[in-house]
1. Find all pairs meeting these conditions: Cβ atoms under 8 angstrom apart; at least six residues apart or on different chains; first residue within the stretch 256-277 and under 20 Å from Tyr182 (Cα atoms) and without any contact (Cβ under 8 Å) to a residue 24 or more places away in the chain; second residue among the aromatic types (Phe, Trp, Tyr) and assigned to a loop (DSSP other than H, G, I, E, B).
2. Could we say that Tyr257 is over 30 Å from Pro324 (Cα atoms) and touching a Gly at 6+ places or on another chain (Cβ under 9 Å) here?
3. Filter the stretch 300-317 for residues that are of a type in the set (A, V, I, L, M, F, W, C) and surrounded by 24 or more Cβ atoms within 10 Å (Cβ to Cβ); which is farthest from Ser132 (Cα to Cα)?
4. Quick one: is Pro319 in contact (Cβ under 8 Å) with a residue 24 or more places away in the chain and not assigned by TED's automatic domain parsing to the domain that holds Ala259?
5. Is one or more of the residues making up the stretch 53-76 in contact with a helix residue (DSSP H, G or I) (Cβ under 7 Å, 6 or more places away or on another chain), under 30 Å from Arg361 (Cβ atoms) and acidic (Asp, Glu)?
6. Out of the helices (runs of 4 or more DSSP H) lying entirely within the stretch 328-417, which hold 3 or more residues that are in contact (Cβ under 8 Å) with a residue 24 or more places away in the chain and touching a strand residue (DSSP E or B) at 6+ places or on another chain (Cβ under 7 Å)?
7. Listed residues Lys82, Lys90; which is in the same structural domain as Tyr175 (by TED's automatic domain parsing), closer than 15 Å to Ala275 by Cβ, surrounded by fewer than 13 Cβ atoms within 10 Å (Cβ to Cβ) and out of contact with any Ser or Thr (no Cβ under 7 Å at 6 or more places or on another chain)?
8. Given the conditions (1) in contact with a Pro (Cβ under 7 Å, 6 or more places away or on another chain); (2) under 23 Å from Phe164 (Cβ atoms); (3) not hydroxyl-bearing (Ser, Thr, Tyr), and given that Gly277 satisfies all but one, which numbered condition is not satisfied?
Amino acid sequence: MKLSELFTKTRKDAPADEVAKNAQLLIKAGFIHKEMAGVYVFMPLGLRVLENIKQIVREEMNAVGGQEVQMTVLQPKEIFEKTDRWDDAKVDNWFKTKLSNGTELGMGLTHEEPIVDMLSDYISSYKDLPVSIYQIQTKFRNELRAQAGLLRGREFVMKDMYSFARSQEEHEEIYEKVAQAYHRVYERLGIGDITYRTFADGGIFTSRFSDEFQMLSEIGEDTIYVDEQQKIAVNKEVIDDERLAATSVDKTKLKEYKAIEVGNIFPLESKYTDALGVYYVDADGEQQKIIAGCYGIGVSRLVGALAEHFSDERGLVWPENIAPAKVYLARLGNIPSVISTADELYNRLTAAGITVLYDDRDARPGEKFADADLMGIPYRVVVSERTIQAGTHELKKRTEAETKVLPANQIVETLSK
């Protein structure tokens, strides 16, 4: 991508009403546009980051047997009435709408009911199970306060997977496989060392614990207690001694931290399958309950959490596998030899499969370097009259102060490693 063709621009200041660091950085870098509180547009570079995170999540869900679908945003009232979740007194963050004939509909708050309702057409025998179904889709929640940028949105992108098993034992096997897949997601995103599987309240679904995945952060809304040796944590809401007795946690070894929830998994038991009348027939011809689980990752929320974590005083500092490009190619000057050399290098890098943001604008070097840092591109390569005369290119890693000078014929090979 050439920056002269990119319709977005960086800016020195974020909107005055934007208080969240993640949104301020992403807006200034041109990655997102604020439509209203809790609602953001992903611009071309921001969408690349979002899609890179989606792909990591998708690969790990596929690896544990997940099958991807795309559910609808509009949802029928009737199936939510069967599970007692339509009433605003029971679930208070719905967005609802009506058809022209007055029929009420829900808008993509969550998808337990629609998934189970859909399965009623496909699941009848023990031979049809187990199955895990997921989607990566926009959700809508009527948050009372949306002041944390991408961390608390009214419209956001979420991966939600639902597993269906023939027994509690089979469910728990799937549940643990997904939990390990979540750890792999966070490792690949570069936050594995600060993200903890956290005992949390099972809520209305189960008397068992649910599991949150909490990323340590000073701006986090949650308080957790971490056992660093066991690499597990406990949410403040379940820190009482009686509940901890059901875990392997030693309360004397716990340290208190603030954290951002970056994922959650929880047992659903047979709450939704029973309510919607979906069962299976076992090998003996007997009707049996289907045991379900739910597994969520807020993908757009992760963009905000990673922006908070991977940043410094100059801007964003993306890991290579989620950055919108690997290389920021800065062309300094507009004389023919500089233009032709930079164009040639851009083509060579692209041909080698290296993603490039090519800054071919007529702008000062300082402006280009500042934008490279603000956007958080992992590597910056400079082509100028001076480097051409020396037969070299300047290479600088975003996380390092030192600039390396390499022979011009080695730059593609070096960046390919």
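The values are calculated or read from the model by the stated rules, or taken from the named source; none is laboratory data. Worth saying up front: this structure is predicted, and the values here are computed from it rather than measured. Cβ: placed from backbone, ideal geometry, glycine included. Neighbour counts: every protein chain shown.
1. none
2. Against the criterion (over 30 Å from Pro324 (Cα atoms) and touching a Gly at 6+ places or on another chain (Cβ under 9 Å)), Tyr257 qualifies.
3. Once the filter is applied, the top-ranked residue is Leu316.
4. Answer is yes for this residue.
5. No, there is no match, as no residue in the stretch 53-76 is in contact with a helix residue (DSSP H, G or I) (Cβ under 7 Å, 6 or more places away or on another chain), under 30 Å from Arg361 (Cβ atoms) and acidic (Asp, Glu).
6. Helices (runs of 4 or more DSSP H) meeting the threshold: 336-351, 365-375.
7. Lys90 is the lone residue from the list that is in the same structural domain as Tyr175 (by TED's automatic domain parsing), closer than 15 Å to Ala275 by Cβ, surrounded by fewer than 13 Cβ atoms within 10 Å (Cβ to Cβ) and out of contact with any Ser or Thr (no Cβ under 7 Å at 6 or more places or on another chain).
8. Evaluating Gly277 over (1) in contact with a Pro (Cβ under 7 Å, 6 or more places away or on another chain); (2) under 23 Å from Phe164 (Cβ atoms); (3) not hydroxyl-bearing (Ser, Thr, Tyr) leaves (1) as the failure.
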